[in-house]
Amino acid sequence: HIVAVPPPEDEYADIVSAMPSTTMIGFPLLRYQGSWLLKTWVTGVLSVQRRFAPRPDDVLLASLPKCGTTWLKSLAFSTMARAAYPPSAADHPLLRLNPHQCVPFLDDLFSSGEATKAVEALPSPRLMNTHMHHSLLPPSVTAGKCKIVYVCRDPKDGLVSMWYFAKSIMPAGSTYTFSDMFEHACHGETPNGPIWDNILSYWRASRAHPDKVLFLRYEEMLLDPGHAVTNLARFLGVPFTAAEEAEGTSADIVELCSFKAMKVLPANNTGTFTMLGFPHRSLFRKGVAGDWVDHMTPEMARRFDGIVHEKLRGSGLTF
Ligand code: A3P
């Protein structure tokens, strides 16, 4: 007995049409449960909330856009799949596929009426990602049904990264400037913003449930990727064995997923993201910390840091 699932865009039309809206870098954003969502992902988010059924061995990667999602996907995929695909193998999937083709993105996937079936068909343990605030995730997920790994980045670098990413598909002749985007960001109007609320939601969850939510920092991962991978494997319940340590498995994962190695792969230089039409190559720009100094005036940086500092006050998290 097959019941046709209506496309979410029809099912949620009334809810979506009532959401406040704005536009940032030409992208429509809709306000939903305290978060600004890219319009194209709204039905997906609504559908994840209603239809996603987590399994205890699911792993959900979470992040703000432009804060290390692609890297985290590569690291988690190669760590979890290392029995089937040793990281030094010449035919490793990450050598021929973009990392986003290896780890499904729930917020986008669930905007299709067929998504529930596709996600249910994935073998366990499933590895998926989201940009949703922790507070927007379905209650079964926030109650700790599955594990979550969050990557956090200095928001100023995230903004610079978003600027270049957006520029890669901005219409020629657009008059929208970095300062315009910065102004939106100061008011919390960025995809999956406010930035501070997204970060804080996972920070608090990680403090409350450290066995269920791992909070990583992009800058620390850059400084010591080997430690990040070891930590990640342990958290995911697949620590490196002594034999793997002796063989250098974690170092192989670090190398496979390094910015330098990934940036030159054909899979990361050709083709476009199915969602939004971004070229794959726009995912690999500089991969460093502190690039904001070349894009923000000291005044802009002071203003943004001040806002973030105020929002994070008392949380124990600082930048
Ligand atoms: P920059 O634009 O500052 O270079 P996301 O994957 O969430 O879209 O984030 C993209 C940012 O992560 C980009 O930052 C990109 O260069 C960086 N990045 C992508 N792959 C990386 C890797 N393997 N190691 C470190 N940084 C990486």
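Quick notes
- Any hit, region 234-245, residues being within 12 Å of the ligand (Cβ to nearest atom) and closer than 16 Å to LEU75 by Cα: no
- Residue match in region 228-243 (condition: modelled with pLDDT of 95 or more, within 20 Å of SER161 (Cβ to Cβ), out of contact with any Gly (no Cβ under 6 Å at 6 or more places or on another chain) and open to solvent by 80 Å² or more (accessible area, probe 1.4 Å)): no
- From LEU64, LEU75, residue being farther than 23 Å from GLU245 by Cβ, surrounded by 23 or more Cβ atoms within 10 Å (Cβ to Cβ) and touching a Cys at 6+ places or on another chain (Cβ under 9 Å): LEU64
- Residue among HIS280, HIS295 that is within 19 Å of VAL160 (Cβ to Cβ), in contact (Cβ under 8 Å) with a residue 60 or more places away in the chain and either within 16 Å of the ligand (Cβ to nearest atom) or among the small types (Gly, Ala, Ser) (or both): HIS295
- Count of residues meeting criterion [within 19 Å of MET162 (Cβ to Cβ) and open to solvent by 30 Å² or more (accessible area, probe 1.4 Å)] in region 255-274: 3
- When residues of region 157-176 are limited to those that are small (Gly, Ala, Ser) and open to solvent by less than 60 Å² (accessible area, probe 1.4 Å), the one modelled with the lowest pLDDT: SER168
- Region 60-78, residues that are in a strand (DSSP E or B) and within 14 Å of the ligand (Cβ to nearest atom): LEU61, ALA62, SER63
- Selection within region 171-213 - in a helix (DSSP H, G or I) and among the β-branched types (Val, Ile, Thr): ILE195, ILE199
- Filtered residues of region 79-107 (kept if within 11 Å of the ligand (Cβ to nearest atom), assigned to a helix (DSSP H, G or I) and open to solvent by less than 10 Å² (accessible area, probe 1.4 Å)): LEU94, PRO99
- Taking region 208-224 as the range and being within 20 Å of LEU64 (Cα to Cα) and within 14 Å of the ligand (Cβ to nearest atom) as the test, the residues that pass are LEU216, ARG217, TYR218, GLU219, GLU220, MET221, LEU222.
- Any hit, region 149-156, residues being under 25 Å from GLY290 (Cα atoms) and surrounded by fewer than 23 Cβ atoms within 10 Å (Cβ to Cβ): yes
- The residue pairs whose first member lies in region 34-52 and is within 13 Å of ALA118 (Cβ to Cβ), whose second member is open to solvent by 20 Å² or more (accessible area, probe 1.4 Å), and whose beta carbons are closer than 6 Å, counting only pairs six or more residues apart or on different chains, are GLY44/ASP108; GLY44/SER111; ARG51/THR116.
- Scan of region 111-141 for residues that are open to solvent by 20 Å² or more (accessible area, probe 1.4 Å) and farther than 24 Å from THR79 by Cα, ordered by number: SER111, SER112, GLU114, THR116, LYS117, SER135, PRO139, SER140
The values are calculated or read from the model by the stated rules, or taken from the named source; none is laboratory data. As the structure is a prediction and not an experimental result, all values here were calculated from the model. Virtual Cβ from ideal backbone geometry, glycine too; neighbours counted across all protein chains shown. What goes into the accessible areas is simple: the full protein's heavy atoms, side chains included, and nothing from ligands, DNA or RNA. Shrake-Rupley method; radii C 1.70, N 1.55, O 1.52, S 1.80 Å.
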